[in-house]
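Chemist: The following block contains the structure, expressed as structure tokens.
The values are calculated or read from the model by the stated rules, or taken from the named source; none is laboratory data. Keep in mind that what you see is a predicted model, and the values were worked out from it rather than measured. Backbone-built Cβ (ideal geometry, glycine too); neighbour counts: all protein chains shown.
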Amino acid sequence: MKSARGLGSLGGLVYSTEHGRTCPDCRQPLASCTCKASARATPAGDGIVRVARETGGRNGKTVTVVRGLPLDPAALSELGRTLKAACGSGGTAKDGVIEIQGDHRDTVVARLERAGFKVKRAGG
């Protein structure tokens, strides 16, 4: 059996008949919660965009990977679309990472530097 003091440490109100589900951190309705949205908006990093070539876990296929972009998901998707068009290749933008099929590190680094990012080539 939990004590009354122990119940307060569980995060408080999680549902209200007036607003529905509420955020346990800021105690606002989930529709107007700002604490989680601001945490997701820009990933933490050192401000350097890293461009690498990877083949691991892809059945030997080479992929150019761009990590460390301080962009929200919509802007990341748009930049991914621009980079894929510049390389003439397919790819994806998800979870804060842009993947472009093939080895296009030189093209990607040049485009990102022109866009004003501080870029480093990572890996071999």
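Chemist: Looking at the range 100-118, I want the residues that are within 13 Å of T82 (Cα to Cα) and have a partner that is in a strand (DSSP E or B) and small (G, A, S) with Cβ atoms under 7 Å, at least 6 apart or on another chain. Which pairs are those?
Modeler: Taking only residues 6 or more apart or on different chains, the pairs are I100/G91.
Chemist: Are any residues in the range 53-78 within 11 Å of V97 (Cα to Cα) and hydrophobic (A, V, I, L, M, F, W, C), and if so, which ones?
Modeler: Matches in the range 53-78: V65, V66, L69, L71, L76.
Chemist: Which one is surrounded by the fewest Cβ atoms within 10 Å (Cβ to Cβ), of the residues in the range 68-82 that are out of contact with any strand residue (DSSP E or B) (no Cβ under 6 Å at 6 or more places or on another chain) and not acidic (D, E)?
Modeler: Within the range 68-82, the match that is surrounded by the fewest Cβ atoms within 10 Å (Cβ to Cβ) is A74.
Chemist: Right, something else. So A44 passes all but one of these: (1) within 27 Å of E113 (Cα to Cα); (2) in a helix (DSSP H, G or I); (3) at pLDDT below 85. Which condition number does it fail?
Modeler: Status for A44: all satisfied but (2).
Chemist: Continuing with this model, one more query. Does L7 satisfy being aliphatic (A, V, I, L, M), at pLDDT below 75 and touching a strand residue (DSSP E or B) at 6+ places or on another chain (Cβ under 7 Å)?
Modeler: Criteria not met by L7.
Chemist: A further question on this structure: Taking the range 100-110 as the search range and keeping residues that are surrounded by 18 or more Cβ atoms within 10 Å (Cβ to Cβ) and touching a helix residue (DSSP H, G or I) at 6+ places or on another chain (Cβ under 9 Å), which one is nearest to V65 (Cα to Cα)?
Modeler: Looking at residues that are surrounded by 18 or more Cβ atoms within 10 Å (Cβ to Cβ) and touching a helix residue (DSSP H, G or I) at 6+ places or on another chain (Cβ under 9 Å), I get I100.
Chemist: Find the residue count for the range 110-124, including only residues that are farther than 14 Å from R53 by Cβ and not aliphatic (A, V, I, L, M).
Modeler: Residues flagged as farther than 14 Å from R53 by Cβ and not aliphatic (A, V, I, L, M) within the range 110-124 amount to 6.
Chemist: Also: Within the range 51-79, work out how many residues are farther than 16 Å from A110 by Cβ, touching a Ser or Thr at 6+ places or on another chain (Cβ under 8 Å) and touching a residue at least 12 places away in the same chain (Cβ under 8 Å).
Modeler: Result for the range 51-79: 7.
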